[in-house]
Amino acid sequence: MTSEPGLTRDHPVESGEAKLRNFRAFTVAHPHLVAAKEQPMTTLLDSAPNSLVFVLGPTGVGKTTLRAKIEKELTVGLAKQLEKDYERLPVVSVEAVAPESGNFSWREHFKRLLEAMREPAIDYKLSRKGKPWGLGRPVFPFDPSARGAGAEYQHSVELALRYRRPAAVFIDEAQHLSKMNSGRRLLDQLDVIKSLANRSGIPHVLLGTYDLLAFRNLNGQLSRRSTDVHFGRYRAERANEAAIFLNVVRSFEAQLPVDKAIDLTKDWEYLYERSIGCVGVLKEWLVRALSRALRRGQKGLERVDLETCALSVSQCDKMLTECIEGEMRMTENSESRRRLRARLGLKTPVERSAPPQVVPQAGASRRWRNRRPGQRSPTRDVVGNVGFGHAS
């Protein structure tokens, strides 16, 4: 487990705001984060260009940090191409905003995509008659309330993606896509993303909470084209994961910009209890506690700072309930595999202890039926010089 470059005790910072800013920028490359990064990278680099990647995990596990790391790695990999091709973008990243009315607005989502690609004249994409604007044609502001505005914005997004050719489109908080009218199906929502990936040839990465599980396996075509990445919390009942969480606590403790601090490793169970094993929740908690200590002019971090800024028991209990439910839905157990094999006409691994026997043909001798495939018949081999092709 490694740490990202950030504040170190060898380079103290005088300003309290600078101390807080440097600690907030510090990240720990813990094993779950590294593993969750490798699978999307493999899909984006080696799979079909219209692939969909679902990154699912509990709230506060660090999905936004994961997205930033993937974007950075993709940008570094395209550095030489970007130096020669100024029109290309390394990635396009937006957040799916929760709707005020309860219905997700695709029109606003497409507009944010255009803004993320720095597309000019977003409000002047079409003339009032619906004809492409250009030389010799009057240009009018695009009326966002006009019927079909969402479709026209979508077409503009497709053209911009083809022109900008990013390595991927990232949609954070993608669970908000499920906010829709009761008469609209989840499949219709995801079909919009699928069509956009198809027509632009750009893979899409959707990052969200376990609510995003509603989009998994809506039909066979989506199942074939999509990849699921589970970015989970650390579970204390697993000894190796508890040890990793303790190492994460040590890493954060070493980077606290204070003269003295409580021994966080001694309180690691309390830290785990109020973060439920999510590194992102732990990081935000420590940032709040550090901010409180610096505002009060303290030289160190105290237990009262942690207790004051900790999440309540009821909040943690609610988060844990959602985590356990999501983890159960993401886990492939032996029973689900048994049902799949039964539907395919296969026996379970326990039942299939011996290889399948060859069914003898009609008229075969009993001696042949009792032998295993490939076993020679008990005949005497010819001894001596045997000529082939000689005339008698």
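The values are calculated or read from the model by the stated rules, or taken from the named source; none is laboratory data. Predicted, not measured: the structure shown is a model, and the values here were computed from it. Glycine gets a Cβ as well: all are built from the backbone with ideal geometry, and neighbour counts include every protein chain shown.
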Subject >> Only listed residue being loosely packed, with under 15 Cβ neighbours inside 10 Å, modelled with pLDDT under 90 and in the same structural domain as Ser200 (by TED's automatic domain parsing), chosen from Thr8, Thr42 >> reply: Thr42
Original post:
In region 201-209, is there at least one residue being outside any helix (DSSP H, G or I), more than 25 Å from His32 (Cβ to Cβ) and among the small types (Gly, Ala, Ser)?
Top reply: yes
Original post:
Filtering region 154-194 down to residues that are touching a residue at least 24 places away in the same chain (Cβ under 8 Å) and hydroxyl-bearing (Ser, Thr, Tyr), which residue is surrounded by the most Cβ atoms within 10 Å (Cβ to Cβ)?
Top reply: Ser156
Original post:
Can we say Val281 is part of a helix (DSSP H, G or I), within 23 Å of the chain's Cα centre (by Cα) and β-branched (Val, Ile, Thr)?
Top reply: yes
**OP:** Filter region 232-253 down to residues that are closer than 12 Å to Cys278 by Cα, in contact (Cβ under 8 Å) with a residue 40 or more places away in the chain and of a type outside the set (A, V, I, L, M, F, W, C) and give me whichever is surrounded by the most Cβ atoms within 10 Å (Cβ to Cβ).
**Re:** Arg233
Original post:
Just to be sure, is Arg107 at pLDDT 85 or above, more than 30 Å from Asp211 (Cα to Cα) and surrounded by fewer than 20 Cβ atoms within 10 Å (Cβ to Cβ)?
Top reply: no
Original post:
Picking from Glu71, Glu100, Glu87, which residue would you name as being at pLDDT 90 or above and among the acidic types (Asp, Glu)?
Top reply: Glu71
Subject >> Test result for Gly389, at pLDDT below 75 and either closer than 30 Å to Gly208 by Cα or part of a loop (DSSP other than H, G, I, E, B) (or both) >> reply: yes
**OP:** Would you be able to tell me the number of residues in region 302-340 that are modelled with pLDDT of 90 or more, over 23 Å from the mean Cα position of the chain (by Cα) and either within 20 Å of Thr265 (Cα to Cα) or among the acidic types (Asp, Glu) (or both)?
**Re:** 11
